[in-house]
Every structure is written in structure tokens, then in C-alpha cells.
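> Structure incoming, see below.
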Amino acid sequence: MRPLERLPHYRPKRLLRLTNVRIVSQTFFFVAFVLAVWATWTSRLGGYPVSRLLEMDPLVGLSTALATGYVYRALGWGLLVLALTLVFGRVFCNWICPYGTLHQFVGWLFNVRKPAERWASNRYRRIYFLKYGILTVFLLMAAMGALQIGLLDPICLMYRTFATAIAPASDSLLAVAGEKLHVDGLWLDSLKFGPGVERRVFVGSFWIGLVLFGLVAMNVVIPRFFCRVLCPLGALLGVLSRGALFRINRDVHRCTDCDMCLSRCEGASDPQGKLRLSECFACMNCIDDCPEDALSFTMLGQDARQVVPAPDINRRQLVFSGIIGAAALPLIKNDGVNTDENYSPKLIRPPGSVEEQEFLERCIKCDQCLNACPTNVLQPATFAEAGIEGLWTPVMNFNIGHCQLKCTLCSEVCPTGAIRRITVEEKLGKGKFKEQGPVRLGTAFFDRGRCLPHAMEIPCVVCEEVCPTSPKAIQTKDIEVKDVFGNLVVLNKPFIVPDLCIGCGICQAECPVTDSRAVYVTPVGESRSKERRLLLHNRAQDR
Amino acid sequence: MARDDKHPTRHPDYERKPLSRRAFAARIAAVAGVGGAAAYLAGAPADWPLSLRDPTGLRSQPVHRPVTLRDYRVEKPSGAPDVSVFRGTGDAMERLRRALEPLGGITHYVRPGDIVLVKPNVAFDRSPNLGATSNPELLEALVRLLLVDARAQEVRVADNPIESPADCFAKSGIRQAAERGGGRVYLPDSNAFRVLSTPGATLIAEWPIFRRPLTNVDRVIGIAPVKDHNLCQASMGIKNWYGLLGGRRNQFHQDIHEIVSDLALMMKPTLTILDGAHVLMKNGPTGGDPSDVKPGDAVMVGVDPVALDAWAFEHVLERGRDYPQYLHLAEEKGAGRVDWQGRVREERA
């Protein structure tokens with residue numbers, strides 16, 4: 001028997017009660033989230049609104065609006081959550097947010113606390129003010145042009161982890177099962193274990209996975225640690241919920257101060273005393289757990305004295321957070337590894353990306369583009385490529401894949417316009433885009449010291465074969481030589497026509513000199529930037 | 001309290017644990033049993049049963065059990081040519097049927113209940129009119145012919161493209177064509193490849209091949225475009241089998257003619273079909289510009305892939321008799337004969 005059932009007041013509960021409806025809602029949104037991650041793949045994207053949860057995230061909308069001054073495409077969906085919060089309080093946190101659901105589920109699954117410890121762990125603590133400080137820091141930085149919200153925004157964080165760590169992990173487990181379980185002649189034919197996509201890898205996904213693992217593990221120390229202490233979205237909704245119409249109300253005439261309402265309080269919002277409205281997730285557990293029916297979720301008949309509506313952050317803390325934000329901005333911006341004079345030759349942005357500074361004002365590091373990419377070329381940037389500011393933003397790694405000519409999936413799924421939505425016509429510079437020419441990601445170069453025909457008199461030219469432009473941007477000078485063994489060989493020595501090169505990187509991806517490629521693409525000449533231009537005249541377009 | 005001789009100041013919580021002779025013996029026996037078994041597994045000479053000992057490090061090397069491919073050829077009817085060409089525009093099904101007629105029709109080659117693999121060229125993410133990939137209309141007609149006329153059990157359509165498989169199949173129109181016809185598309189993934197043994201091959205004596213769609217297959221039909229190739233002059237029926245290879249196959253460009261002739265040895269197809277509707281005359285094998293493509297009207301079917309490619313090189317690509325070296329190498333390896341004279345029947349609508 002559960003402890004509650006031993007009490008003299010115990011009455012069996014109705015099946016159709018708020019907590020059960022809440023579980024249905026949480027399951028729905030969690031499954032929808034996982035389905036959206038799964039469906040964001042080239043053969044499964046069929047016009048479904050896979051980015052909706054990111055677009056509904058009001059913090060994404062607000063921070064990008066602060067940074068850019070505009071609201072991109074579908075980011076207005078965030079108003080839905082804002083309206084919901086103004087009426088019902090922070091219901092997003094415990095009814096919709098899949099990351100909150102994950103934490104709640106793990107906390108429930110691994111709960112080892114005895115009832116008395118549980119009550120203690122669900123009392124409000126001073127440290128919970130921290131999220132309001134984090135929100136202040138992030139919003140101030142966004143307003144000054146450095147969008148870092150994606151580091152801790154729960155939807156971005158969860159999407160990033162699922163796309164780069166969880167989904168490839170499940171694929172590779174299937175593949176390992178296929179390799180290890182071979183029993184000839186049985187139904188257990190190892191060829192049947194098909195992950196459905198080719199194996200994907202993401203550079204540095206270990207650390208992204210570790211962040212999730214660490215945050216989930218913190219539930220053992222403090223229940224809903226991330227939601228109560230760190231979540232900037234929760235903080236934003238907490239600030240808004242102070243004026244919510246509905247809230248948990250405690251009938252002081254019925255209440256016997258037994259504290260049973262603390263046994264499963266998700267938000268640690270002190271329902272046993274003065275309700276801290278901005279902390280309450282509206283999980284409704286306290287209503288279930290109250291043996292006296294003293295608690296209700298109501299708009300009418302609220303007790304004005306039994307509530308603390310405002311977040312627990314004082315003016316000093318706010319000012320201090322502001323100073324941290326204002327000080328962090330120049331530290332991050334002046335890091336010097338991503339300026340127009342000094343930028344990494346590996347900082348190749350996906351097609352449709354806006355110019356680098358604007359890109360950094362928009363990218364929320366959700367890594368949805370990485371998930372949509374059919375060739376695995378898009379990778380989360382490390383400090384080396386994009387500095388501290390650009391950590392986990394998308395870059396193209398042409399050792400792993402290449403940018404497919406007629407694919408614009410990353411630009412279609414990007415919720416914030418860091419990768420602006422483009423059509424294939426615009427990408428290829430055809431039709432009405434003929435004047436401006438194709439989208440160029442960079443320019444290919446040859447390392448003639450490593451190229452087989454150039455350096456070693458061995459025929460190759462895979463790069464020319466796969467070059468997709470017409471006419472080809474890699475062409476050859478064909479000569480016949482007598483090699484050191486006396487054989488006559490025809491060498492097609494490749495060279496680049498930079499006017500035609502679009503930087504798609506298929507030459508680098510297919511180059512057989514695999515460790516350090518004999519042909520490689522760097523971002524110079526990318527069409528999104530005037531500063532990073534290479535050619536003054538494009539001989540192909542001027543013709 | 002009774003006096004304890006051994007522990008004069010006995011603690012109230014202390015309880016002496018007895019160890020009987022029997023328990024001691026059992027404990028020793030268990031240790032000896034587990035330890036002895038472990039010692040045997042680890043230390044016994046390698047050829048003793050159950051021994052795990054690996055004195056040289058070679059025993060633990062992975063053992064490849066290479067798969068082999070059958071010879072999928074079928075004896076043609078007596079008097080039939082080795083290559084049949086039909087020239088004419090119009091319905092793809094009609095053109096294909098007419099091209100197959102002189103060879104005895106599809107029912108001569110495929111029995112009811114057969115599982116047939118159809119291998120198109122879907123190497124690149126290109127639309128069908130650019131001539132870089134197989135013609136989807138002809139593929140659909142072939143799939144229908146196999147399922148309806150020849151009553152095949154299953155028609156599989158598979159290729160391992162250079163670009164993203166899902167995209168290449170979708171944008172070349174091959175996936176839709178295969179599914180409209182009733183075929184089943186197999187896309188490669190990390191667990192679809194096995195090492196194939198091809199005795200007599202120079203470069204791919206043992207090489208990973210896209211194995212899943214080949215499992216339990218009775219007949220194999222290649223269907224390819226005729227196109228220019230930057231390195232080996234032309235990519236036609238034999239070069240099409242390149243799309244079944246896995247591994248770092250881009251090394252093969254160092255000896256392209258050898259690898260293409262090896263492919264003729266690796267795959268001995270039931271039939272090879274070439275389509276001359278969109279011929280990529282230059283800028284191959286990728287193309288990309290409609291002006292690289294020349295429209296044509298030929299459908300070519302062959303039981304001798306070498307003669308078929310030679311004929312198409314001469315008559316469809318219009319490159320004369322200076323055939324690519326790989327065709328001569330393929331003839332040396334016994335895959336067919338380059339000289340097509342007297343073995344081709346050409347008909348017009």
C-alpha cells in the first residue's frame with residue numbers, strides 16, 4: 001500500500017482527474033517531440049510542422065526578436081504559450097514541455113526518497129531564484145546581439161541532444177545488433193537489422209550527450225533540478241504567470257497543515273503555505289494528495305493572502321545579473337576567432353545562411369538542420385571553428401559528407417531564419433535568381449603535394465567526376481608521361497575554376513586521400529558575405 | 001554472563017561465525033572449480049577444445065566469410081541475337097516489349113515465382129531529363145513486365161548512390177517509378193553490406209557489396225543510361241554494377257578500366273537494358289545542364305553486356321570504334337565479346 005492509502009481519510013480517486021489529463025497531455029507532447037525528431041529526415045519530411053515545438057517556445061521568439069528586431073516566419077506561435085500562461089500560469093512546464101516530462105519521469109522512476117525526505121526536497125529553496133538571473137543575462141545579451149539562449153532553453157537543448165546524440169545512438173545500436181547477431185539460416189538474419197538511415201556521426205556529440213546525462217542525473221540531488229534552478233524559459237513563464245487568472249488556491253479553513261501536498265509538488269512552490277505562483281508548474285499533484293480537499297485549481301474564490309505572485313529575485317540580484325550579462329557580451333564577442341579578418345577555414349555555413357554576425361544573432365543551436373541533413377555534412381561547431389559564441393551552431397564538415405545540389409532541407413526546417421528559407425532555384429541561381437548567381441558556400445582548393453596525379457603521377461580525378469556544376473568547376477589538363485617504372489600513363493591533372501565552384505564539397509568528401517584531403521573547401525568566396533569575397537569579377541556570370 | 005575464554009571482553013553485538021569443515025571444503029572446491037576453469041580457458045593450448053588462448057594475436061582476427069554471387073545468365077533461345085535494339089518513340093512498355101521480342105521475350109528469362117533484382121543507375125541527385133540516372137518510365141515498364149507478364153514473386157530495385165540514397169532515389173524519380181510499378185526499393189544502410197568474393201577479379205577479389213537486396217535473388221537485370229564519363233569515356237551497362245560496391249570505392253579511379261572489367265566478371269546478369277532516350281553526351285557522369293543531353297529513341301537489350309556496351313558506344317554515344325579499354329579487358333576476362341558484328345538485331349517502329 002502507498003503511504004496515502006494507509007491514512008484514515010483515504011478515499012479512492014476519480015479516474016478522470018486533472019493529474020491524469022495532465023499525464024495524457026505530457027505523453028502526447030513527448031511523443032510528438034520524438035516523432036518530430038524522427039520525421040526530420042529527408043525521406044520522411046512531408047510538409048509536417050516538425051519545428052512547431054521550437055516555434056511555440058516564446059523564449060525563442062522573444063530573444064530572436066530582441067536580437068534582430070523582427071519575428072521570423074512561424075515564431076508567432078510563441079504567443080499561444082504566452083496566452084496560455086496568462087490564463088493558467090506555468091502549465092507549459094508540466095503539461096507540454098517534453099524536457100520537463102523527461103525530468104519528471106526520470107525523477108519518478110529513480111525516486112529513492114522516503115516520504116519525509118520527499119517533503120523536505122519539495123520545499124522552496126533560495127537557490128531557485130537563479131533561473132531569473134540566467135534569464136536576465138541571456139535576454140540582455142540577446143538585446144545586444146549575442147544570442148546564447150539555445151545553450152539552456154529546454155526545447156533547444158533537448159532537440160540538440162536528441163538529434164546529435166540519442167538518434168545516432170539508437171541507429172548504431174541497431175547496426176551493432178545486426179553485426180553481432182548472425183545466426184545463419186534462422187529468422188534472425190543479421191541483414192534484417194536495418195536502421196533505415198546510413199550511420200550518422202556528430203563531432204563532439206559526446207559532450208552534448210553528457211550535458212543531458214548530467215542534468216538528468218541532478219534529479220537525484222534536487223528533484224526537477226533543471227526546471228527549478230536553471231530553466232530560462234521557466235523563468236520567463238514564471239514572470240508572466242504572476243497575473244494568471246487560474247491558480248492553486250488553499251482553503252485555510254479546511255487545511256490541517258499536514259504538508260501532504262509537498263509529497264509530489266513538482267515546482268517546489270510551497271502549496272502548504274503562501275503559494276509561490278511563479279514557481280508553480282500547475283502539475284495538480286497537490287490537489288490529488290490533499291486529504292482534506294483544501295486545494296483547488298480555480299479562478300474564483302482565491303484567498304488573496306495565501307499567495308506570493310512575484311518571482312523571488314530582488315533588485316540587487318537583478319542589477320548584478322545585468323552586469324554579468326553586459327560584461328559577458330564583450331568577452332564573448334571579442335574572442336577574436338570569428339572575425340572577418342581571422343576566421344576558421346572550417347567555418348562553412350549551410351546554404352541560405354545569412355551573414356555571420358546576423359547568423360549568430362539568430363541561431364539557437366537547436367541543431368534541427370543537422371538532423372534534417374541527408375548527407376551528415378552538417379556538424380555541431382566546436383570552439384575551434386566558431387569560437388565560444390558559435391558553439392554547437394551548424395558547420396559543414398566535408399570530410400564527412402557534402403552539400404547536395406538540390407537539397408534545401410536545412411533552410412526549410414530552421415525556425416529562426418539563421419538559415420533563411422531558400423528554394424532550389426535560388427540555391428542554384430536559376431530562373432529569376434540568374435542575376436545573383438548560385439549560393440556559394442566557399443571555394444575548393446588543391447593541395448598539389450598530396451594530389452595523386454599532381455604529386456605522384458598516378459591517375460585519379462574522382463573530384464572531376466563528381467563535380468556537379470555544368471560546366472564542371474574542376475577541369476583537367478591531360479598529359480601523357482612516362483612514369484618512373486617506364487609505363488606510359490595519361491594523367492588528368494585537375495584544377496579549379498573558381499568562378500564555377502559553389503563550394504558544395506563533394507570533391508573533398510570523395511577524395512581518396514582521406515586523412516588530409518588533396519582537394520578541400522574553405523569558406524572564402526562564400527556568397528553570403530561581401531567581406532569574405534574572393535573574386536572581383538565572376539568570369540562565368542559576366543559572359 | 002558466561003565467561004568466554006577467547007574473548008574475555010565480549011561485545012554484546014559480537015557473534016562468532018562458525019566455519020565447519022564441510023563449509024570450508026565446499027568453499028575451496030568452488031574456488032578451485034571456477035579458478036581451474038578460468039585457467040583452462042585462458043591457458044590451454046589453442047587446439048584443445050574450448051580453449052580461448054591466442055598466443056600470436058592472429059586467432060582473434062575477424063574471420064570474413066565472403067559471400068559469392070551466382071551466375072544469373074539464362075541460355076537464350078537458339079537463333080536469337082545477343083543484342084536487340086528497338087528504335088521508336090512512344091509508350092515505354094511497347095518499346096521495351098519490342099526490344100525484348102527478338103531475344104525471346106521476358107518470359108523466357110524470368111520464371112513465375114522468381115525474385116528479380118533490377119539495378120538502375122541512381123548515382124546522383126539529378127532529375128531524369130538530365131541523363132545522369134536511369135529512365136524512370138522504362139524502369140516502371142520493366143517492373144510491370146516482370147510482375148505481370150513474367151509473374152515474378154518480387155521485384156527489388158536497389159542501388160548504392162554516391163549522394164544521399166533517399167534523395168537520389170526520390171529526385172531521379174526511380175523510387176516513385178518502382179513503387180508505381182509494384183516493385184520494392186532497397187536503400188543501403190550501415191548493415192546492408194557483406195564482403196563478396198569474386199574469383200579472378202584483379203581489384204575486387206574480396207570487396208564489400210550491397211548484399212541485402214541480393215539475398216535469395218533468382219534473376220538480376222541491369223537498367224542503365226548511356227552517358228559520357230570523364231575518366232573511362234563512357235558509363236553504360238557494365239559500369240552500372242559499380243553501384244553495388246561499398247567500401248572506399250573511390251580508390252578505383254586509379255585504375256578505372258581494370259575495375260570496370262572486374263565488374264563484368266563480378267556480375268553476370270540475366271539481361272542488361274540500356275536506354276537511349278536521354279543520352280548524356282558530355283560533362284558526364286554527372287551532367288547537370290539540359291544542353292549536355294541529346295534526345296534519342298533506342299532501347300537496347302543484351303545477353304552479352306560487352307557487345308551491348310560496344311554497340312551503344314558506337315551508335316548511341318557516336319564515338320566510333322575506338323572502344324574504351326575496359327571492354328577489351330572484359331573480353332579477356334571472359335565476360336563477353338566486343339565484336340558485335342552479326343550478333344545485333346536492330347528494328348525500327
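The values are calculated or read from the model by the stated rules, or taken from the named source; none is laboratory data. Keep in mind the model is a prediction, meaning the values are calculated, not measured. As a convention, Cβ positions derive from the backbone with ideal geometry for all residues, glycine included, and neighbour counts pool all protein chains shown.
> With A:LEU500, A:LEU488, A:LEU536 as the choices, which residue is away from chain B (no Cβ under 14 Å) and either aliphatic (A, V, I, L, M) or touching a residue at least 24 places away in the same chain (Cβ under 8 Å) (or both)? Before you say what the answer is, go through the steps one by one.
Details: A:LEU500 fails: away from chain B (no Cβ under 14 Å); A:LEU488 fails: away from chain B (no Cβ under 14 Å).
Among A:LEU500, A:LEU488, A:LEU536, only A:LEU536 is away from chain B (no Cβ under 14 Å) and either aliphatic (A, V, I, L, M) or touching a residue at least 24 places away in the same chain (Cβ under 8 Å) (or both).
> Sticking with this structure for a sec: If the Cβ limit is 7 Å and pairs must be 6+ apart or interchain, which residue in the stretch A:95-115 that is assigned by TED's automatic domain parsing to the domain that holds A:VAL81 and polar (S, T, N, Q) pairs with which residue that is crowded, with 16+ Cβ neighbours inside 10 Å and not in a helix (DSSP H, G or I)?
A:GLN104/A:ARG224; A:GLN104/A:GLU266
> Being in a helix (DSSP H, G or I), more than 15 Å from A:ARG349 (Cα to Cα) and within 14 Å of chain B (Cβ to nearest Cβ) is the filter here; which residues of the stretch A:413-441 pass it?
The answer is A:VAL424, A:GLU425, A:LEU428, A:GLY431.
> Ok, one more. Would you be able to tell me the number of residues in the stretch B:226-265 that are within 14 Å of chain A (Cβ to nearest Cβ), in a loop (DSSP other than H, G, I, E, B) and in contact with a Gly (Cβ under 8 Å, 6 or more places away or on another chain)?
Number satisfying all stated conditions: 1.
> Looking only at the stretch B:119-143, how many residues end up being hydrophobic (A, V, I, L, M, F, W, C), surrounded by 23 or more Cβ atoms within 10 Å (Cβ to Cβ) and either under 18 Å from A:ASN376 (Cβ atoms) or within 14 Å of chain A (Cβ to nearest Cβ) (or both)?
Counting residues in the stretch B:119-143 that are hydrophobic (A, V, I, L, M, F, W, C), surrounded by 23 or more Cβ atoms within 10 Å (Cβ to Cβ) and either under 18 Å from A:ASN376 (Cβ atoms) or within 14 Å of chain A (Cβ to nearest Cβ) (or both) gives 4.
> To continue, here is another question. Do we find that A:VAL466 is under 35 Å from the mean Cα position of the chain (by Cα), within 12 Å of another protein chain (Cβ to nearest Cβ) and surrounded by 21 or more Cβ atoms within 10 Å (Cβ to Cβ) in this structure? Quick ask: steps written out before the conclusion?
Working: under 35 Å from the mean Cα position of the chain (by Cα): yes; within 12 Å of another protein chain (Cβ to nearest Cβ): yes; surrounded by 21 or more Cβ atoms within 10 Å (Cβ to Cβ): yes.
It is true that A:VAL466 is under 35 Å from the mean Cα position of the chain (by Cα), within 12 Å of another protein chain (Cβ to nearest Cβ) and surrounded by 21 or more Cβ atoms within 10 Å (Cβ to Cβ).
> What residue, among those in the stretch B:202-225 that are more than 10 Å from chain A (Cβ to nearest Cβ) and over 30 Å from B:ALA99 (Cβ atoms), is farthest from the chain's Cα centre (by Cα)?
Checking each candidate, the answer is B:THR202.
> Restricting to the stretch A:482-513, what's the tally of residues that are surrounded by fewer than 24 Cβ atoms within 10 Å (Cβ to Cβ) and in a loop (DSSP other than H, G, I, E, B)?
Within the stretch A:482-513, residues that are surrounded by fewer than 24 Cβ atoms within 10 Å (Cβ to Cβ) and in a loop (DSSP other than H, G, I, E, B) number 11.
Quick grid of which residues meet (1) out of contact with any helix residue (DSSP H, G or I) (no Cβ under 9 Å at 6 or more places or on another chain); (2) assigned to a helix (DSSP H, G or I); (3) buried (at least 19 other Cβ atoms within 10 Å of the Cβ); (4) in contact (Cβ under 8 Å) with a residue 40 or more places away in the chain:
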site: A:ASN249; (1), (2), (3), (4): yes, no, yes, yes
site: A:GLN272; (1), (2), (3), (4): no, no, yes, no
site: A:PRO291; (1), (2), (3), (4): no, no, no, yes
site: A:PHE320; (1), (2), (3), (4): no, yes, no, yes
site: A:ILE324; (1), (2), (3), (4): no, yes, no, yes
site: A:ILE332; (1), (2), (3), (4): no, yes, no, yes
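> Is it true that B:VAL185 is out of contact with any helix residue (DSSP H, G or I) (no Cβ under 9 Å at 6 or more places or on another chain), over 20 Å from A:THR40 (Cα atoms) and either within 13 Å of chain A (Cβ to nearest Cβ) or crowded, with 22+ Cβ neighbours inside 10 Å (or both)?
Details: out of contact with any helix residue (DSSP H, G or I) (no Cβ under 9 Å at 6 or more places or on another chain): no; over 20 Å from A:THR40 (Cα atoms): yes; either within 13 Å of chain A (Cβ to nearest Cβ) or crowded, with 22+ Cβ neighbours inside 10 Å (or both): yes.
It is false that B:VAL185 is out of contact with any helix residue (DSSP H, G or I) (no Cβ under 9 Å at 6 or more places or on another chain), over 20 Å from A:THR40 (Cα atoms) and either within 13 Å of chain A (Cβ to nearest Cβ) or crowded, with 22+ Cβ neighbours inside 10 Å (or both).
> Mind listing just one residue for me: the one in the stretch B:144-176 that is facing chain A (nearest Cβ under 9 Å) and small (Gly, Ala, Ser) and, of those, farthest from A:VAL377 (Cα to Cα)? So that I can check it myself, show each step before the final result.
Of the stretch B:144-176, the ones facing chain A (nearest Cβ under 9 Å) are B:162-171, B:175.
Now restrict to residues that are small (Gly, Ala, Ser): B:164, B:166, B:170.
Numbers: B:SER164: 11, B:ALA166: 15, B:ALA170: 19 Å.
For the stretch B:144-176, the residue satisfying everything is B:ALA170.
> Then there is this: What number of residues within the stretch B:266-319 are within 14 Å of chain A (Cβ to nearest Cβ), aliphatic (A, V, I, L, M) and surrounded by fewer than 24 Cβ atoms within 10 Å (Cβ to Cβ)?
Selection size over the stretch B:266-319: 2.
> Does the stretch B:15-22 include one or more residues that are modelled with pLDDT under 95 and surrounded by 10 or more Cβ atoms within 10 Å (Cβ to Cβ)?
no
> Can you tell me which of A:LEU405, A:LEU347 is within 14 Å of chain B (Cβ to nearest Cβ) and either within 21 Å of A:SER529 (Cα to Cα) or modelled with pLDDT under 95 (or both)?
Details: A:LEU347 fails: within 14 Å of chain B (Cβ to nearest Cβ).
Unique residue meeting the criteria: A:LEU405.
> Identify the single condition in (1) among the β-branched types (Val, Ile, Thr); (2) in a loop (DSSP other than H, G, I, E, B); (3) without any contact (Cβ under 8 Å) to a residue 40 or more places away in the chain that A:ILE479 does not satisfy, given that it satisfies every other one.
Of the numbered conditions (1) among the β-branched types (Val, Ile, Thr); (2) in a loop (DSSP other than H, G, I, E, B); (3) without any contact (Cβ under 8 Å) to a residue 40 or more places away in the chain, the odd one out for A:ILE479 is (2).
> Every residue in the stretch B:151-166 that is small (Gly, Ala, Ser) and surrounded by 22 or more Cβ atoms within 10 Å (Cβ to Cβ), please.
Matches in the stretch B:151-166: B:ALA152, B:ALA158, B:SER164.
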